[in-house]
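J.: Quick one: this structure, given as structure tokens, is what I'll be asking you about.
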Amino acid sequence: MRLLRFLLLVLVARPLALFMTGADVSGRERLPLKGPAIIAANHASHVDTLLMLSIFPSRAVSKLRPAAAADYFLRDPVIGWFSRHVIGIVPVARSKAGRRAAQGLGQGEGEDVLAPARAALAAGEIVLVFPEGTRGDGASDAMGQLKGGVARLAEAFPDAPVIPVWIQGAGRVLPKGASVPVPLNCAVLVGEPVAWTGRRAAFMDALREAMLALKAQAPPLRWSDDPET
């Protein structure tokens with residue numbers, strides 16, 4: 001199964017993501033090649049996950065485990081199999097439906113919803129999280145309020161680097177509610193690790209500032225509606 005996932009990601013998903021987005025990457029050398037490590041990115045589209053999987057070196061892509069909503073990605077057997085065995089998600093039960101789906105994987109209703117992500121980090125993998133918790137407004141690339149789950153993971157693994165990432169443009173490729181992607185240029189900016197400070201609030205403030213700083217550095221995209229950007 002590991003070989004199948006590697007081949008599908010490298011030979012199918014990566015070329016598709018590069019074709020759809022262009023994947024202009026800045027700071028690629030800051031991407032971790034092994035775990036435990038945490039990638040914290042903004043979230044405007046389902047393309048975000050595919051794009052992140054496509055920019056990692058081939059030798060590290062099998063280590064990347066995107067955290068994803070169990071109620072969405074495990075909602076039926078086919079999507080669930082693909083999500084778990086090809087995309088390699090760690091399911092997060094954010095609703096009653098998600099908890100029911102997670103129970104089928106041995107995660108009880110009363111258990112910590114971050115348990116699968118903790119287990120992946122403990123196994124030396126790289127966990128991709130979207131701290132906003134859901135897709136935002138792809139039209140404006142605005143960042144929503146960050147949820148505290150990433151701070152809980154950083155607290156549990158204080159030596160694991162937390163890498164901030166800003167993805168610009170994916171919300172135009174596949175907006176929330178759309179089913180057909182449109183090829184458009186995107187940019188991915190990878191920042192310096194944010195250190196665990198010992199306090200969740202201070203860590204979350206530092207992470208938000210780091211992500212917004214990356215957004216401010218993002219280059220103009222060809223489809224921008226604002227002639228000044």
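J.: Find, to one decimal place in angstroms, the Kirkwood hydrodynamic radius of region 2-217, where the mean of 1/r is taken over every pair of different Cα atoms and then inverted. Write down the numbers at each step before the final one.
T.: Values: mean 1/r = 0.0581 Å⁻¹.
Value: 17.2 Å, from the Cα pair sum.
J.: Moving on to the next point. When you count, for each residue, the other Cβ atoms within 10 Å and take the mean per peptide, how do 193-199, 160-166 rank with the highest first?
T.: Highest-to-lowest ranking by the protection proxy: 160-166, 193-199.
J.: Still on this structure: Among THR21, THR49, what is the fewest-to-most ranking by other Cβ atoms within 10 Å? Don't skip to the end; give the middle numbers.
T.: Values: THR21 28, THR49 25.
Fewest to most other Cβ atoms nearby, the residues stand as THR49, THR21.
Every read-out reported here was derived from the displayed coordinates using simple, explicitly stated rules and does not represent laboratory data. Predicted, not measured: the structure shown is a model, and the values here were computed from it. Note that we place each Cβ from the backbone using ideal geometry, even for glycine, and neighbour counts take in every protein chain shown.
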